[in-house]
Structures are given as structure tokens and as C-alpha cells.
Amino acid sequence: MSDCLFCKIVEGKIPAQKVYEDEDILAFKDISPIRPVHVLVIPKKHITSLATAGAEDVLVLGKILAKANEIAVSQGSPDGFRVIINTGRVGQQEVPHLHVHIVGGPDPVGPMLKRI
Ligand code: AMP
Ligand code: ZN
């Protein structure tokens, strides 16, 4: 997709600190980390969000989750991590190219969200 920030990273038009790449997915460090380990993992194919993903995306989504632990361990989060997928307006997704946040580090990441 021509006007998509993360597609431009996939295409090499915008630099990123890549930590893992294969034919289907790319992982790179978040530019503004919220924890010592903060990596974004994206499908190379443009998928806007989980709200628009379909049956044809099952394999790549599974691949991202199946790689998450390996990426987290390699980046310094050996004892677990949190996965976050912000989706759409309510999920406050800022970049409209589906991405999985992997957040972690040596210490627990903190509470999930404040209770209502
Ligand atoms: P979200 O709110 O889930 O859409 O998260 C978007 C994430 O993308 C934020 O955590 C940003 O810090 C991150 N981000 C934005 N631009 C870049 C970039 N050029 N390289 C790496 N991460 C980025
Ligand atoms: Zn895109």
C-alpha cells in the first residue's frame, strides 16, 4: 500500500531497526518504546487491522504469534512478555497496518489496564 508507514518500512523506504525477517513477516524495534523490550511484528502484506483480517490471513497471523517468544527472548525478555494488538478506533490503533506489539524486559510489565 503506497501511503502506509509500515509498508514503507517493508519496502525499505523508511529505516527501521529490524530484529527478525522472513518472507512473510518483519519485526522491528518500536521507535518510542514503553518497556525495555518493545518490538512490533507485522505481516509484510498490508492488512489494515484485526478488524479487516480474514481467513486468508490465518497463516501469517499464526506465524507472528508462533515467532513471538523467540523474538522476545532474543531481545532480552527471557521470562515472558505481553502481546498487544490495538485495533481500530476503540483500540486506539495509530498505524493502520496490523502490528503486534511485543513488550517485556527483565521485569514484569505492569497491570494490563485500569479496572472500570
Ligand atoms: P498503535 O497505537 O498500536 O498503532 O502503535 C503504533 C506504534 O508504532 C507506536 O508504538 C509507535 O511508537 C510505533 N511507530 C510509529 N512509527 C514508527 C516507526 N517509524 N518505526 C518504529 N515504530 C514506529
Ligand atoms: Zn501497510
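Of interest is the spacing of the C-alpha centroids, which for the stretch 47-85 and the stretch 91-110 amounts to 10 Å. Extension gain for the segment Lys13 to Gln92, taken as residue separation times 0.36 nm less the Cα-Cα distance, is 25.9 nm to one decimal. Tell me whether the stretch 71-116 comes out rounded, prolate or oblate; compute the Cα gyration tensor, take square roots of the eigenvalues as a ≥ b ≥ c, and use a/c under 1.5 as the rounded threshold. Note, shape of the stretch 71-116 comes out oblate. Available extension along the chain between Lys45 and Met1 is 15.0 nm, counting 0.36 nm per residue and deducting the alpha carbon span. Oblate is the label for the stretch 26-116, because a/c, from the alpha-carbon gyration tensor with a ≥ b ≥ c as root eigenvalues, is 1.5 or above and a/b does not exceed b/c. Among the GluC sites (Glu not before Pro) within the stretch 50-113, those in coil by DSSP and having at most 12 neighbouring Cβ atoms inside 10 Å are Glu94.
Bear in mind these aren't lab numbers, they're just calculated from the coordinates by the rules spelled out. Just so it is clear, the model here is predicted, and its values are computed rather than measured. Heads up, the Cβs are rebuilt from the backbone with ideal geometry, glycines too, and the neighbour counts pull from every protein chain shown.
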